[in-house]
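Here is the structure we will look at.
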Amino acid sequence: MKKPRILFLVVIALLPLMLISCGLFGGGSVSGGWAGTTFGNGIIYTGTRDGRVVAINASTRSQQWDYIINAAIYTTPIVDGDLVYVGTYSGRLLALNTLARSQNLTFPQKGDGEWEWDCPTDNAKSNAIVANLAMSENALYVASSNGRIYSLDKGTGDENWKREDIPVLAEKLWTSPVIQGDALYVSTFEGHIYALSVETGELLDWSFGSEAGFASSPVIDGDVIYVGSFDRHLYAVEIGDEELIWRFPQEKPAGNWYWASPIVNAGVVYAGCLDGKLYAINGTTGEEIWSYMTKDQQDKRSPIVSSPVLMGNLLIVANEAGTVYVFDVTAENGNEGVPLKTISIDADVKSSFCAYDGLVYVRSEGDSVYAVDIDKGGAAEGWPISLTTEE
């Protein structure tokens, strides 16, 4: 049996256990979740595992509305104008009219752009939507647990195309597709990167194969794809080429997987690893510029599950233990690898987060949203906001 297949089966075996242990199928109060935060028009949006889309007013620091779906949400919502899009573990994708909901208005299902779409099962065991959505000017792109990718009209939810006229791309698609130009790129647990036409879904001529499966969603800078692998390396692949540009570390593998997608800024790749380290890597050569070990409150290393976020010249990193690190990535200070500030919210973090106007909005596993004030170096007044509902 080939190595990629073994790694894929290990991941498929472990992740359902992770979902169950986090409370997805348990009774009573459900806490936590991997749906991250999104900021739009003064509102923070997130999803819960008890099946609600929650809108929090950043000014009043209170829940503005929630929408009950009755299906766990692992995708981070996408905001586009007055619409917020979210996928669910039941295989549904919804477009919610945020303006109408904030004013308690009601309208037909597809009125004012609001709609709902059900992912076809396609004879698969599951059509769950776990990966984040991708969005272009006119379409949404959905990776499904049935191994297929779909393109939907943003305004109506009508299906533009689905990738089904070839063998399924992978047994599970839990990584998020990325758009670059006229192509859609997707990495798989089985060790492939595929390129599809955004207009037709047709497989393009180029693809890339690896001896190990890919753990993270791809990130593209220019014509280079950066992606984390289950062999505990970060790969740099030039689109159109069959050979790696580099893999990091160049010698001994890292201490764990690069589960979170890296980000790229001014030619530097910043990658958080499950071994607890944040790595700054030269995007051209793959050489390490610096690394920094993140810790929990007991001074033990803590995994980095969430992708870093840039806010101006500041790089924001949060580890699983809920410690937020702030780095200056300007040319003057970018080679030092020493955080300007370290802020703890004292709550586990396993989801993506967003930053806006000096505040970092972090979703905790305790089912609360925290606002971290970077200037003040602590929690903003009036936060956290609980996402739970009273019985």
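The values are calculated or read from the model by the stated rules, or taken from the named source; none is laboratory data. Owing to the predicted nature of the structure, the values given are computational and were not obtained by experimental measurement. All Cβ positions, even for glycine, are placed from backbone atoms using ideal geometry, and neighbour counts span all protein chains on display. Just so you know, the surface numbers come from the protein's heavy atoms only, side chains and all, with ligands and any DNA or RNA stripped out. Shrake-Rupley method; radii C 1.70, N 1.55, O 1.52, S 1.80 Å.
Hey, can you tell me all the residues within region 266-278 that are in a strand (DSSP E or B) and more than 18 Å from Ile245 (Cα to Cα)?
So the first thing to find is which residues in region 266-278 are in a strand (DSSP E or B), and the list is 268-272, 277-278.
Gly272, Lys277, Leu278, listed by residue number.
Failed condition for Thr175, given (1) touching a residue at least 24 places away in the same chain (Cβ under 8 Å); (2) more than 30 Å from Asp153 (Cα to Cα), with all others met?
(2)
Go through region 198-218 and give me each residue that's in a strand (DSSP E or B), within 19 Å of Glu243 (Cβ to Cβ) and not hydroxyl-bearing (Ser, Thr, Tyr).
Correct list: Leu204, Asp205, Trp206, Phe208, Gly209, Phe214.
Yes/no matrix, rows are residues, columns are (1) open to solvent by less than 40 Å² (accessible area, probe 1.4 Å); (2) touching a strand residue (DSSP E or B) at 6+ places or on another chain (Cβ under 6 Å):
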site	(1), (2)
Ile304	yes, yes
Val324	yes, yes
Thr330	yes, no
Thr342	no, yes
Val362	yes, yes
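Output the residue which, of all residues in region 215-225 that are touching a residue at least 12 places away in the same chain (Cβ under 8 Å) and out of contact with any Phe, Trp or Tyr (no Cβ under 7 Å at 6 or more places or on another chain), is nearest to Tyr185 (Cα to Cα).
Ser217
Could you check region 292-310 and list, in sequence order, the residues that are at pLDDT below 95, more than 18 Å from Ala254 (Cα to Cα) and part of a strand (DSSP E or B)?
none
Report, by residue number, each residue of region 175-185 that is touching a Phe, Trp or Tyr at 6+ places or on another chain (Cβ under 8 Å) and at pLDDT 95 or above.
Pro177, Val178, Ile179, Leu184, Tyr185
Could you list, in sequence order, all residues of region 344-360 that are open to solvent by 50 Å² or more (accessible area, probe 1.4 Å) and in a loop (DSSP other than H, G, I, E, B)? I'd like the intermediate steps shown before the answer.
We begin by selecting, within region 344-360, every residue open to solvent by 50 Å² or more (accessible area, probe 1.4 Å); these are 344, 346, 348, 350, 356-357.
Listed by number, the residues that qualify are Asp346, Asp348, Lys350, Asp357.
Has region 208-218 got any residue that is modelled with pLDDT of 95 or more, within 21 Å of Ser136 (Cα to Cα) and open to solvent by 30 Å² or more (accessible area, probe 1.4 Å)?
Within region 208-218 (the criterion being modelled with pLDDT of 95 or more, within 21 Å of Ser136 (Cα to Cα) and open to solvent by 30 Å² or more (accessible area, probe 1.4 Å)), the answer is no, since none of the residues qualifies.
Give the residues of region 185-207 that are in contact with a helix residue (DSSP H, G or I) (Cβ under 9 Å, 6 or more places away or on another chain) and open to solvent by less than 40 Å² (accessible area, probe 1.4 Å), sorted by residue number. If you could, list the steps in order and put the result at the bottom.
Going residue by residue through region 185-207, those that are in contact with a helix residue (DSSP H, G or I) (Cβ under 9 Å, 6 or more places away or on another chain) are 188-192.
The answer is Thr188, Phe189, Gly191.
All but one of (1) modelled with pLDDT of 95 or more; (2) in a loop (DSSP other than H, G, I, E, B); (3) in contact with a strand residue (DSSP E or B) (Cβ under 7 Å, 6 or more places away or on another chain) hold for Ala195; state the number of the condition that does not hold.
(2)
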